[in-house]
Amino acid sequence: MATRPYPFTRILIPYDGSPSAKKALEWAAHLACAGGDEVEQVTLLRVIGGGYLARHIQNVDLRVTRMDQVAAWRRMRQHHLDHEILPLLEEGKRFLQEKGVVAPIETRVAEGKIGEVIIGLAGEEGYSTIVIGRRGLSPVKGLLLGSVTRQVLSLAREITVFVVGQEGAVNPVSPISPLLLPVDGSEPSLAAVRQGAILAQSFKDSKTRLTLLHVIDFVLLDTPYAEGNALLIEEGEKILATSRCILEEAGLQDMV
């Protein structure tokens with residue numbers, strides 16, 4: 001059985017204490033524990049976005065001089081940090097430690113556009129992995145207002161992003177099972193299969209169930225292809241076979 005190095009060595013967790021963020025934190029704890037000593041760093045990040053300024057600017061007297069205004073804003077910001085943000089991050093840190101995470105855990109606070117700050121920090125400091133909770137915006141709100149999760153996914157390059165659903169339940173015995181691996185033959189999809197194999201190896205005692213999926217979308221194809229799909233099916237089988245070989249090389253043939 002070929003065992004590859006654990007790829008999730010530096011884990012960034014955007015955390016605001018919301019129910020979805022707590023679910024992401026729980027999943028990240030399993031991810032970090034699975035890597036054991038190979039995990040170098042786990043970071044809890046709280047980004048203060050424009051929403052906070054909008055809620056609290058009314059408390060600043062805009063008639064005073066600029067210096068007084070800045071001083072008042074700084075006092076409110078520090079109070080917010082000391083009494084809300086930092087205790088929340090420390091609570092998240094304790095949760096990870098109680099779950100058995102042995103890697104160093106740090107807490108960070110930053111300001112700016114949330115999605116851009118997350119991706120910027122991840123890229124600049126070499127994080128391999130982002131674990132983020134989905135806030136559960138409706139499709140219409142997500143389209144009109146934008147979504148931090150959507151932005152992180154669209155901007156991520158060479159970073160593995162795990163998105164934990166708002167209503168998702170993390171099974172402590174088998175947190176990754178069943179695991180669906182969609183494949184299209186591209187290198188990114190094969191990379192996902194390799195990472196899925198490493199995860200399954202890390203949770204080998206939980207008897208993870210793996211499913212490879214290749215989808216042929218006839219709507220996007222020309223009429224001749226739709227009428228004669230034998231070649232497409234054959235190509236799909238080859239893609240699945242290549243992916244299956246990756247899992248078999250990892251000793252996971254009994255889980256597929």
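The values are calculated or read from the model by the stated rules, or taken from the named source; none is laboratory data. Given the structure is predicted, the values throughout are model-derived calculations rather than measurements. Here Cβ is always computed from backbone atoms with ideal geometry, including for glycine, and neighbour counts include all displayed protein chains. These area figures cover heavy atoms from the full protein model, side chains too; ligands, DNA and RNA do not enter into them. Shrake-Rupley method; radii C 1.70, N 1.55, O 1.52, S 1.80 Å.
Assorted remarks:
- Looking only at region 214-256, and only at residues there that are at pLDDT 65 or above and of a type in the set (Gly, Ala, Ser), the one that is surrounded by the fewest Cβ atoms within 10 Å (Cβ to Cβ): ALA230
- Per-region count, region 183-199, residues touching a Ser or Thr at 6+ places or on another chain (Cβ under 6 Å) and farther than 18 Å from SER128 by Cβ: 1
- From ALA103, ALA2, residue being out of contact with any Gly (no Cβ under 7 Å at 6 or more places or on another chain), in a loop (DSSP other than H, G, I, E, B), modelled with pLDDT of 95 or more and of a type outside the set (Asp, Glu): ALA103
- So GLN97, is it within 23 Å of THR9 (Cβ to Cβ), open to solvent by 50 Å² or more (accessible area, probe 1.4 Å) and in a helix (DSSP H, G or I): yes
- Residue within region 48-65 that is open to solvent by 30 Å² or more (accessible area, probe 1.4 Å), touching a helix residue (DSSP H, G or I) at 6+ places or on another chain (Cβ under 6 Å) and either of a type in the set (Phe, Trp, Tyr) or modelled with pLDDT of 90 or more (or both) present: no
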